[in-house]
Structures are given as C-alpha cells and as structure tokens.
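Below is one structure; the comments refer to it alone.
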Amino acid sequence: MDLRHLRYFVAVAEELSFTKAAERLHKAQPPVSQQIRQLEEEIGVTLLLRTRRHVELTEAGRVFLDQARQILRSTDTAVVQAQRAQRGEIGRITVGFFEHMSYTLLPPILLAYRERFPAVEVQLRWFPVISQAEALRRGDIDIAFLRTVPDMSDVTWETILEEPFVLAVPSNHALAGAESVSLKSCAQEQFIMYIESLAPDFRAAHMRMCASAGFVPKVASEVGQVYTLLGLVSSGAGIGFVPASVQKLHFDLVKYKPIQGKPVTYEVLLGWSQRNPTPLMKAFVETAKSVL
C-alpha cells in the first residue's frame, strides 16, 4: 500500500463513481479500478460495494476513508513544512551577540527577521566578543555576531557591516563644539581605552589611530564595554573611541564627533561553525545585510 492507493480510494469514495474519480484524477478508469482491488486485497477488507450502476462504501470503507484522509492531510502538511524549512521559514535559531550589538544593530535586524519569518523561534545569548567563536565551536549558539579577534579557527563568517569610529567627548569639553576632530589635537587628552584582553581588536585599532597622529594616548581608565566607556566620558573622566552606530545611544553629557582624515573602520561579522550554513542561518545573514 502506498499513497497512490489512498488517493485513488479517497477519490472513488468521495465521488461514489469510478468514472468521475478517474476524471478527477486525470486517469483512465481501468487503472483506478485495479488500484482499488489491490488495496482491498492487501488489507483483506472490502471497502466498496459496486455494481454496474452503483458504488457504495462499506462500514469498513467509511472508517478507512476517515483515516486515509488524515494520512493524506498529514503527508501534504509534512511536504509543506519540509519546503518551508528548506527556505528557512520555520525552526529555531540561537543567535550570539556582544554588548553594543544589543542597542545598535541587533534591534533593527531582529525586528526585520521576525517580520519576515514569524514562525522561526529566535533565542538570544550574550557572550563577550572574545568568547563568541568558542561558543560557536561548543555548539552553544548557531550563529553569532563577531568582530575580528585572534582565535577565529573553525569559524566561517560573512561581513555584514564596516563602520568607522567616532570620538565621544564630554558635552562641556573644548572639543564638544567642533564639527569634527583632528586626532593630532588630542595628544594631551586623557583617553578611556578598552582592555586589550576583552576587546583586542578595538584596543589595537585605537592605538594605531593615535600612533598615526603622532602620539601615544594617555590612558585615564580601561573598560571592557562601550556603555561603560560612555558612562566615564559623561562623567568627564576622559574621551574615547566608539563605533559610529553607537551614536544612536543618547547620553545627556556626551557628544559624538567625526574624526578628520581617512576613517579607521572595523567589521561586524556573522559567523557559524558548521561546514555549511543552514537555511535558517542563510536567511538571518541575508536579512541582516538587507537591513544594514
């Protein structure tokens, strides 16, 4: 017995006519009759009473019809769900993110993704930026926002955004009124810097920026997160570099200033550790690219 037997039987049972059932199935009548006989012989049950002019369901046939309809509906549903899964429209995806993603890039990406794929369950997990790749390798998450940190082994990624840094200064600072800032004018400033072990890419980039302007920054304090840096800047403890997207975050006592000259940028990546990304991952990456 296969699905063809069930489809032929349901058609005959609903039409109560082999001729009409054959027309509905776009088949000749003899093969339809043959399939019904094979079905009855296989299960050892008479499903239909037929004469030359009349077809009638037996009691066993009525019971079998209900079950056959359920099987065919389930099969159709399974096909549709499999096709949706192949398109990345259903399932569950666990996304890793680091601190400043949560209030800059992650919200618009998630909103767009959930609007496009409402049947996908999205789970979010925070890790420090230096721990994202290891979380992928452990299988704790399916896909992660990344920056270029030392250990990216066994991780595949795509760049979704390249953005510059801007300078965050206290609102009462002499630089607060400038349209843009030359780093050479900051040689004597106190800087809030990122801890190298927690944000090695940011620390290295900012040291290079200062070096290209001819000075080594005077470090007033070291922090691990962008939000903490902005808090210290607002207190007047110093100035610091932040990604341009962080300008969405409003601090009453902080001003953001573009940096003169060729901008130094960093990359935001989406990465995964599987050999091939799943349809869910591909859909998430494409959504992120379209948003950004």
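Values in this text are rule-based calculations from the coordinates and carry no lab data. Keep in mind that what you see is a predicted model, and the values were worked out from it rather than measured. We place every Cβ from the backbone using ideal geometry, glycine too, and count neighbours over all the protein chains shown.
Here r is the Cβ-Cβ distance between E196 and E115 and R0 is 35 Å; the resulting FRET efficiency, rounded to 0.05, is 0.35. The alpha-carbon of K184 sits under 18 angstrom from the alpha-carbons of these lysines, leaving out residues fewer than 8 places away in its chain: K218, K257, K262. Among D154, D142, D201, the largest mean-square fluctuation in a Gaussian network model of the chain (Cα springs under 10 Å) belongs to D154.
Extension gain, Q34-K282: 0.36 nm per intervening residue step, less the Cα-Cα distance, totals 84.6 nm. Taking the chain as a Gaussian network of alpha-carbon nodes connected by springs under 10 Å, the highest mean-square fluctuation of the residues V223, V233, V32 belongs to V32. As an exercise, use a Förster radius of 51 Å and the Cβ-Cβ distance of L124 and R53 to find the FRET efficiency, rounded to the nearest 0.05. The computed FRET efficiency comes out at 0.15.
Reducing segment 1-71 and segment 225-292 to their Cα centroids gives an inter-centroid distance of 64 Å. Among A13, A199, A211, the residue with the largest mean-square fluctuation in a Gaussian network model of the chain, with springs joining Cα atoms closer than 10 Å, is A13.
Projecting the Cα positions of V181, Q83, L232 onto the charge dipole of the chain (unit charges on Cβ atoms of Lys, Arg, Asp and Glu, taken about the Cα centre) puts Q83 furthest along the positive direction.
Listed by Cβ neighbour count within 10 Å, with the fewest neighbours leading, L49, L229 appear as L49, L229. The charge dipole of the chain, taken about its Cα centre with unit charges on the Cβ of Lys, Arg, Asp and Glu (plus for the first two, minus for the last two), comes to roughly 640 debye. Taking other C-beta atoms within 10 angstrom as a stand-in for reagent exposure, H250, H173 fall in the order H250, H173, fewest first. Between A85 and E15, the FRET efficiency from the beta-carbon distance, with R0 = 25 Å, is close to 0.15. Close amide-amide hydrogen proximity is noted between K255 and V169, S171, each under 5 Å apart and 5 or more residues distant or on a separate chain (H modeled in the peptide plane; Pro and chain starts excluded).
For segment 91-292, the antiparallel share of DSSP beta bridges with both residues in that region comes to about 55%. Were the residues from D154 through A174 laid out at 0.36 nm apart, the gain over their Cα-Cα distance would be 2.5 nm. Under 5 Å between amide hydrogens, built in the peptide plane, is the criterion, and for T94 it picks out Q123, D142, I143 among residues at least 5 positions away or on other chains. Footprinting exposure proxy ranking of F191, F284, fewest other C-beta atoms within 10 angstrom first, gives F191, F284.
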